[in-house]
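Asker: One structure, pasted below without further comment.
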């Protein structure tokens with residue numbers, strides 16, 4: 001019997017304010033794999049990330065999102081997090097009055113149940129992760145994303161990933177706005193998580209992050225549908241030729257049907 005995918009999106013349609021954005025997305029990943037999703041502006045990449053995590057602004061009108069055989073669309077966002085799904089935001093929000101340490105401890109407790117760490121053990125692990133991400137130790141006591149630079153906000157997203165240890169993560173253009181040094185640090189944090197028990201979907205508009213986070217497969221989203229899928233060699237082809245060839249091939253395929 002053929003093994004079922006670890007994570008699978010089947011004929012997903014979604015809209016916001018009556019405007020259809022996702023128009024039949026299909027994508028499958030095996031456990032332990034890293035996949036990249038690219039596409040031009042307005043193709044639906046961030047919408048897909050938000051729908052996976054259950055953002056209320058988007059209405060799913062058809063399809064399924066299966067994680068280990070369970071349809072995530074039947075779960076509330078916090079239940080998806082408890083199931084081991086994580087979303088690293090493109091634009092993280094600030095929460096004044098809540099420290100990084102307090103937020104992460106609360107999030108860890110909420111997603112780990114009986115496996116949650118004692119405060120001293122949690123703090124030790126948190127300091128190790130902060131050091132690994134080359135962030136000053138004072139980061140712990142700052143309010144969450146309040147007054148953070150763009151690079152600090154993105155490091156904070158990766159710090160959350162290292163702390164929560166999700167089994168499947170989506171990165172929604174986490175690389176946008178990062179200089180090369182910050183990009184290398186963020187990638188180092190992500191690569192620390194990769195392994196046989198972890199799945200990663202990297203949504204990006206730029207090829208450069210894929211020089212540091214190496215995908216097993218690459219998918220190209222055009223007008224709300226996966227228009228082309230392939231191996232990591234597609235990264236170089238996109239860098240050299242852009243998306244016009246994908247649009248042309250996809251358009252011909254649509255016309256043929």
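The values are calculated or read from the model by the stated rules, or taken from the named source; none is laboratory data. Keep in mind the model is a prediction, meaning the values are calculated, not measured. With ideal geometry, Cβ positions are generated from the backbone for all residues, glycine too; neighbour counts draw on all protein chains shown.
Asker: Which members of region 24-47 meet the condition of being buried (at least 16 other Cβ atoms within 10 Å of the Cβ) and assigned to a strand (DSSP E or B)?
Answerer: Selection gives 25, 27, 28, 29, 34, 35, 36, 37, 38.
Residue-wise test of (1) over 21 Å from residue 67 (Cα atoms); (2) in a helix (DSSP H, G or I); (3) out of contact with any strand residue (DSSP E or B) (no Cβ under 7 Å at 6 or more places or on another chain).
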{"site": "154", "(1), (2), (3)": "yes, yes, yes"}
{"site": "174", "(1), (2), (3)": "yes, no, no"}
{"site": "184", "(1), (2), (3)": "yes, yes, yes"}
{"site": "191", "(1), (2), (3)": "yes, yes, yes"}
{"site": "221", "(1), (2), (3)": "no, no, no"}
{"site": "239", "(1), (2), (3)": "yes, yes, yes"}
{"site": "251", "(1), (2), (3)": "yes, yes, yes"}
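Asker: Consider residue 188 against the criteria (1) at pLDDT below 95; (2) surrounded by fewer than 19 Cβ atoms within 10 Å (Cβ to Cβ); (3) touching a helix residue (DSSP H, G or I) at 6+ places or on another chain (Cβ under 9 Å): it satisfies all of them except one. Which criterion is unmet?
Answerer: If we test residue 188 against (1) at pLDDT below 95; (2) surrounded by fewer than 19 Cβ atoms within 10 Å (Cβ to Cβ); (3) touching a helix residue (DSSP H, G or I) at 6+ places or on another chain (Cβ under 9 Å), just (1) comes out false.
Asker: What number of residues within region 156-172 are in a helix (DSSP H, G or I) and free of Cβ contacts under 8 Å to residues at least 40 places away in the same chain? Give the derivation first.
Answerer: Narrowing region 156-172 to residues in a helix (DSSP H, G or I): 156-164.
Filter once more, keeping what is free of Cβ contacts under 8 Å to residues at least 40 places away in the same chain: 162.
The qualifying residues number 1.
Asker: Quick check on my filter: what residues within region 123-143 are loosely packed, with under 13 Cβ neighbours inside 10 Å and either part of a helix (DSSP H, G or I) or in contact (Cβ under 8 Å) with a residue 24 or more places away in the chain (or both)? Give the steps one after another, and end with the answer.
Answerer: Step one: of region 123-143, the residues loosely packed, with under 13 Cβ neighbours inside 10 Å are 124, 128, 131, 136-138, 141.
Across region 123-143, the qualifying residues are 124, 128, 131, 137, 138, 141.
Asker: Go through region 84-112 and count every residue that is in a helix (DSSP H, G or I) and either surrounded by 13 or more Cβ atoms within 10 Å (Cβ to Cβ) or in contact (Cβ under 8 Å) with a residue 24 or more places away in the chain (or both).
Answerer: 12
Asker: Given the structure, is residue 213 crowded, with 20+ Cβ neighbours inside 10 Å and either part of a loop (DSSP other than H, G, I, E, B) or without any contact (Cβ under 8 Å) to a residue 12 or more places away in the chain (or both)? Give the steps one after another, and end with the answer.
Answerer: Details: crowded, with 20+ Cβ neighbours inside 10 Å: yes; either part of a loop (DSSP other than H, G, I, E, B) or without any contact (Cβ under 8 Å) to a residue 12 or more places away in the chain (or both): yes.
The answer is yes for residue 213.
Asker: Within region 2-12, does at least one residue satisfy the condition of being assigned to a loop (DSSP other than H, G, I, E, B), out of contact with any strand residue (DSSP E or B) (no Cβ under 9 Å at 6 or more places or on another chain), over 22 Å from residue 214 (Cα atoms) and at pLDDT below 95? Steps first, answer last, please.
Answerer: Taking region 2-12 as the starting set, the residues that turn out to be assigned to a loop (DSSP other than H, G, I, E, B) are 2-6.
Subset that is out of contact with any strand residue (DSSP E or B) (no Cβ under 9 Å at 6 or more places or on another chain): 2-3.
Filter again for over 22 Å from residue 214 (Cα atoms), leaving 2-3.
Within this subset, residues satisfying the condition of being at pLDDT below 95 are 2-3.
Looking for residues that are assigned to a loop (DSSP other than H, G, I, E, B), out of contact with any strand residue (DSSP E or B) (no Cβ under 9 Å at 6 or more places or on another chain), over 22 Å from residue 214 (Cα atoms) and at pLDDT below 95, one finds at least one in region 2-12, hence yes.
Asker: Follow-up. For region 69-83, give me each residue that is in contact with a strand residue (DSSP E or B) (Cβ under 6 Å, 6 or more places away or on another chain) and surrounded by 14 or more Cβ atoms within 10 Å (Cβ to Cβ). Lay out the reasoning, then the answer.
Answerer: So in region 69-83, the residues in contact with a strand residue (DSSP E or B) (Cβ under 6 Å, 6 or more places away or on another chain) come out as 71-73.
Result: 72, 73.
Asker: In this structure, is residue 53 in contact with a helix residue (DSSP H, G or I) (Cβ under 7 Å, 6 or more places away or on another chain), closer than 27 Å to residue 155 by Cβ and either crowded, with 19+ Cβ neighbours inside 10 Å or modelled with pLDDT of 95 or more (or both)? Write out each step before concluding.
Answerer: Working: in contact with a helix residue (DSSP H, G or I) (Cβ under 7 Å, 6 or more places away or on another chain): yes; closer than 27 Å to residue 155 by Cβ: yes; either crowded, with 19+ Cβ neighbours inside 10 Å or modelled with pLDDT of 95 or more (or both): yes.
The answer is yes for residue 53.
Asker: Take residue 57 and decide whether it is without any contact (Cβ under 8 Å) to a residue 60 or more places away in the chain and farther than 20 Å from residue 79 by Cα.
Answerer: Answer is no for this residue.
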